[in-house]
Amino acid sequence: MTGRAWGVIAMLALAIVTGTSIWLRCEGVPPEIRAPDQIVIGRAGLEINVGAKDPRSGIKELEVRLRHAGGDAAVFHQSYPGSLPTGAITKPGVPDVVAKLDPKALGLTEGEAFLIIEATDWSWAALFSGNTSVLEVPVRIDLKAPRVSVDTGLTYVKRAGSASVVYRVTEEAPRDGVLVGEAFFKGHPLPGDTDGRRIAIFAIPRDAPANVPIRVVAEDAAGNRGTGSWATRLQERGFNEDTIPLGQGFLTGKVPELADALGLDASDPVAVFQHINREVRAANEAEIRRIVARGTSELAFEGRFLQMRGSKVTSRFAEHRSYIVDGKKVSEAIHYGYDLASTAGAGIEAANAGRVLFADALGIYGNCVILDHGLGVTSLYGHLSRIDVGPGDQVTRGQTLGTSGATGLAGGDHLHFAILVGDTYVDPKEWWDAKWVREHIEARLEPRP
Ligand SMILES: [Zn+2]
């Protein structure tokens, strides 16, 4: 071939390469935008993630604005480096943008709005200005907190004891109830009330700080929180210390049996006991919280709760226990229930009417029944030798649930009886007392005009 022919081929090849790259760089596919489907902004504002990607040319520019009744507020604007021949340096997308939607900083006014997200790529399309995508996300701006008003008067509550409060909330609040420090107690519709009032049964956790704040809270969908205070008096009390020697019989009999049931290596009984008393106990308590979370707003209990018939109290609520082996403390725990002993294999009765939430083996509690009495109140029966009820069963006050035993972490035949309000163990003594239940709970359950 002549030099001239080679020249023509080279020109043609160049034309093809140039044509192809022009064609590629002129692509007409707009960027993809990722953002929430809808947004609710409350007084505290929120952060959302916005992302954009463009597989062919990469992102050149990303802009986020909020169009509200007061105009357009700039939220975010960024240009990304690149060049016309090659497109964006970073492809296909840009790092996620965390857009802060702070109503005060943006000067937002209450009402409906749109978040407008605009992304442009590095394509040569539209006379080198690129392809642009626009996404409009509906936004609701709600800057008013629900208002809470408390109907209940002066309320006395003991440390590790229970109480109740009746209140109203001005708007629909997905989360309302009582906050005692960090502990939350869910509110429920006041049974039989046609006036929209709510009731929360709450408790003071055993180890709550002195003067722990107690208030009613209501949070709307935008996260705005209203609070209501009323007169409360926290009555302090102390708790017993107890030392429990772990005998050889327990360490070489009960502990290996439990280890076996839990699939643990039992070669060192003290180490196994320590593991069971700490890790297994913590896992069991977490499971109990998941179980009681399935409780309903339906009021089932009536009058006082029953204490096991003809039983002797062998351990009281909220004692601090130290476990001793050969004169040395090897472990400790708080005993969040009553131990009640009668004859071996004694009948165990439901302390009040309710629904069976759980009836199965539960680690240190052995064969265990948990009843839901409604309004966040549940009762627990541990160490049973036999269970006669199943999950979902409705039980009446005094109905037999099973027979006492020594299953789980128990040294002998007895019932471990506990009451929870929400996630918090409370002193059953109050709930066993007809006068206390009448004055502190039932008096508030009677709808008044
Ligand atoms: Zn116990």
Within region 288-332, work out how many residues are closer than 21 Å to Gly161 by Cβ, under 31 Å from the mean Cα position of the chain (by Cα) and within 16 Å of the ligand (Cβ to nearest atom). 7
Considering only region 434-448, I want to know if a residue exists there that is in contact with a Lys or Arg (Cβ under 7 Å, 6 or more places away or on another chain), more than 16 Å from the ligand (Cβ to nearest atom), more than 21 Å from Ala283 (Cβ to Cβ) and among the hydrophobic types (A, V, I, L, M, F, W, C). yes
Which condition number does Ser385 fail, the rest of (1) in contact with a Phe, Trp or Tyr (Cβ under 6 Å, 6 or more places away or on another chain); (2) more than 30 Å from Pro189 (Cα to Cα) being met? (1)
How many residues, within region 391-433, are within 14 Å of the ligand (Cβ to nearest atom) and either within 30 Å of Gly249 (Cβ to Cβ) or at pLDDT below 95 (or both)? 17
Output the qualifying pairs, or none if there are none: Cβ atoms under 8 angstrom, residues six or more apart or on different chains, first residue in region 69-84 and closer than 14 Å to Asp102 by Cα, second residue at pLDDT below 90 and part of a strand (DSSP E or B). Val75/Ala99; Phe76/Val97; Phe76/Ala99
Counting residues that are in contact with an Asp or Glu (Cβ under 6 Å, 6 or more places away or on another chain), which strands (runs of 3 or more DSSP E) fully inside region 156-274 reach at least 2? 162-169
Count - residues of region 333-358 that are polar (S, T, N, Q) and within 16 Å of the ligand (Cβ to nearest atom): 1
Being among the hydrophobic types (A, V, I, L, M, F, W, C) and either surrounded by 13 or more Cβ atoms within 10 Å (Cβ to Cβ) or free of Cβ contacts under 8 Å to residues at least 40 places away in the same chain (or both) is the filter here; which residues of region 85-104 pass it? Ala88, Ile89, Val94, Val97, Ala99, Leu101
Residues within region 356-388 that are touching a Ser or Thr at 6+ places or on another chain (Cβ under 8 Å) and surrounded by fewer than 20 Cβ atoms within 10 Å (Cβ to Cβ), tallied: 4
If I ask for residues that are over 30 Å from Thr18 (Cβ atoms) and in a loop (DSSP other than H, G, I, E, B), which ones from region 67-99 would you list? Ala69, Gly70, Pro95, Asp96
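The values are calculated or read from the model by the stated rules, or taken from the named source; none is laboratory data. All of these numbers come straight from a predicted model, not from anything done at the bench. Quick reminder, even Gly has a Cβ in these numbers, built from the backbone with ideal geometry, and neighbours come from all protein chains shown.
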